[in-house]
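One structure below.
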């Protein structure tokens with residue numbers, strides 16, 4: 001929503017002035033500007049991220065030299081201790097090498113990652129790296145931006161009350177006044193009027209004026225008309241006692257209330273707010289059931305934030321946060337030892353998206369948010385956030401199963417080869433079968449329900 005400014009107020013670069021004109025003084029340029037500070041935070045967060053060493057790489061790091069050592073030892077034992085021929089010693093040593101060939105071990109992780117990433121893409125979850133597919137299932141907390149992420153990011157009229165005079169006249173007066181401005185609240189009210197059959201039915205005003213930060217005014221059939229917030233009506237000396245309870249009720253719900261006064265009499269009221277996405281409540285509940293704490297992070301005032309959080313079922317709320325401070329709030333949670341995910345859609349969310357262990361960008365968000373994120377929820381549906389977490393957990397389970405099958409063949413086969421119970425041809429067949437088993441298990445992931 002627009003923020004009121006007075007003489008002496010600071011304005012951020014790229015701020016849109018909705019009415020009138022003003023003179024400003026540039027106090028920060030270049031590297032001192034807000035946008036530059038955001039870019040700086042993003043860059044610092046990117047360089048501080050350490051990549052995770054793959055599980056299979058760690059195993060292979062020790063496995064390969066140990067197997068080579070065992071093969072050499074097998075040959076020496078058969079030749080020097082058992083006293084068999086060089087031919088037998090070499091065959092048994094070769095059998096150890098063949099059965100232990102870590103093909104399955106090398107396939108265990110990449111095949112699962114490939115299938116998992118493809119499954120994610122089919123469901124609208126775009127994963128930028130295997131590292132993020134692995135991390136998503138380990139999240140302890142998910143921090144969610146409010147506007148455009150938990151909410152739809154579009155203002156709607158959620159309530160209308162007619163107190164005095166003909167409802168159709170009051171609606172037509174509202175259409176006439178609000179059609180004359182590009183204010184977001186005005187657009188929402190005009191859409192509401194059009195949806196209720198008042199398109200093209202605006203009355204003709206005899207005069208029109210925009211009172212910055214307060215509302216709109218005009219004259220109709222020689223009568224003064226004002227439409228704006230309740231504080232302005234109080235300043236004009238109008239009696240709000242009959243509607244005060246309704247105003248407070250809607251404002252406590254985080255709505256912006258516009259009041260219509262005709263000839264000094266309060267005649268109607270419209271409540272405008274940004275509503276929750278239809279899937280928000282279900283998604284929050286699902287994440288919490290999976291042991292993930294959900295936090296709401298917003299620059300909005302605390303009253304609005306608390307109301308939205310209560311609707312969504314979120315107990316952890318961080319409100320009135322400046323854009324450059326969002327990343328530090330995520331860092332505070334990480335400092336507590338939590339693995340933190342961040343979900344956002346705007347320029348202001350970019351630093352926090354990069355700082356988080358996993359950054360999730362809503363597909364309809366800004367380019368910078370999508371660029372900064374690790375996982376993009378292409379479908380613009382929060383259900384895909386839950387799917388990303390489930391996909392990660394199922395993929396990691398699949399990788400562990402693959403590593404088990406890869407290693408169990410070796411654990412059983414190496415001793416058999418070392419004692420001469422396997423010749424290289426049988427060992428080669430068993431080694432190939434272990435690879436087939438791993439690949440088949442990875443392909444099974446494609447049918448997983450996420």
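See the values below:
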{"quantity": "So residue 276, is it surrounded by fewer than 18 Cβ atoms within 10 Å (Cβ to Cβ) and in contact with a strand residue (DSSP E or B) (Cβ under 8 Å, 6 or more places away or on another chain)", "calculated": "yes"}
{"quantity": "Matching residues, segment 402-413, being farther than 30 Å from residue 127 by Cα and either touching a helix residue (DSSP H, G or I) at 6+ places or on another chain (Cβ under 6 Å) or not in a helix (DSSP H, G or I) (or both)", "calculated": "409, 413"}
{"quantity": "Residues being modelled with pLDDT of 90 or more and surrounded by fewer than 24 Cβ atoms within 10 Å (Cβ to Cβ) - total across segment 341-363", "calculated": "1"}
{"quantity": "Selection from segment 45-72 of residues that are modelled with pLDDT of 80 or more and more than 30 Å from residue 400 (Cβ to Cβ)", "calculated": "72"}
{"quantity": "Subset tally (residues that are buried (at least 22 other Cβ atoms within 10 Å of the Cβ) and under 18 Å from residue 302 (Cα atoms)) for segment 132-150", "calculated": "6"}
{"quantity": "Of all residues in segment 19-30 being at pLDDT below 85 and surrounded by 10 or more Cβ atoms within 10 Å (Cβ to Cβ), the one that is nearest to the chain's Cα centre (by Cα)", "calculated": "28"}
{"quantity": "Selection status of residue 181, crowded, with 16+ Cβ neighbours inside 10 Å, under 30 Å from residue 315 (Cβ atoms), touching a helix residue (DSSP H, G or I) at 6+ places or on another chain (Cβ under 9 Å) and not assigned by TED's automatic domain parsing to the domain that holds residue 427", "calculated": "no"}
{"quantity": "Of all residues in segment 366-391 being touching a helix residue (DSSP H, G or I) at 6+ places or on another chain (Cβ under 7 Å) and surrounded by fewer than 19 Cβ atoms within 10 Å (Cβ to Cβ), the one that is farthest from residue 134 (Cα to Cα)", "calculated": "366"}
{"quantity": "Leading residue by the ranking (farthest from the chain's Cα centre (by Cα)) among those in segment 218-239 that are touching a residue at least 24 places away in the same chain (Cβ under 8 Å) and under 14 Å from residue 176 (Cβ atoms)", "calculated": "223"}
{"quantity": "Enumeration of residues in segment 411-429 that are more than 18 Å from residue 75 (Cα to Cα) and at pLDDT below 85", "calculated": "411"}
{"quantity": "Subset tally (residues that are touching a residue at least 60 places away in the same chain (Cβ under 8 Å), out of contact with any helix residue (DSSP H, G or I) (no Cβ under 6 Å at 6 or more places or on another chain) and closer than 30 Å to residue 412 by Cα) for segment 103-133", "calculated": "1"}
{"quantity": "Segment 418-445: number of residues that are part of a helix (DSSP H, G or I) and under 17 Å from residue 71 (Cβ atoms)", "calculated": "8"}
{"quantity": "Candidate set: segment 190-210, residues that are closer than 29 Å to residue 7 by Cβ and surrounded by 14 or more Cβ atoms within 10 Å (Cβ to Cβ); chosen: the one modelled with the highest pLDDT", "calculated": "208"}
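Residue-by-condition table, conditions (1) assigned by TED's automatic domain parsing to the domain that holds residue 182; (2) outside any strand (DSSP E or B); (3) without any contact (Cβ under 8 Å) to a residue 24 or more places away in the chain; (4) out of contact with any helix residue (DSSP H, G or I) (no Cβ under 6 Å at 6 or more places or on another chain):
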site	(1), (2), (3), (4)
241	yes, yes, yes, yes
247	yes, yes, yes, no
250	yes, yes, no, yes
266	yes, no, no, yes
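The values are calculated or read from the model by the stated rules, or taken from the named source; none is laboratory data. Everything numeric in this text was worked out from a predicted model, so none of it was measured. Note that we place each Cβ from the backbone using ideal geometry, even for glycine, and neighbour counts take in every protein chain shown.
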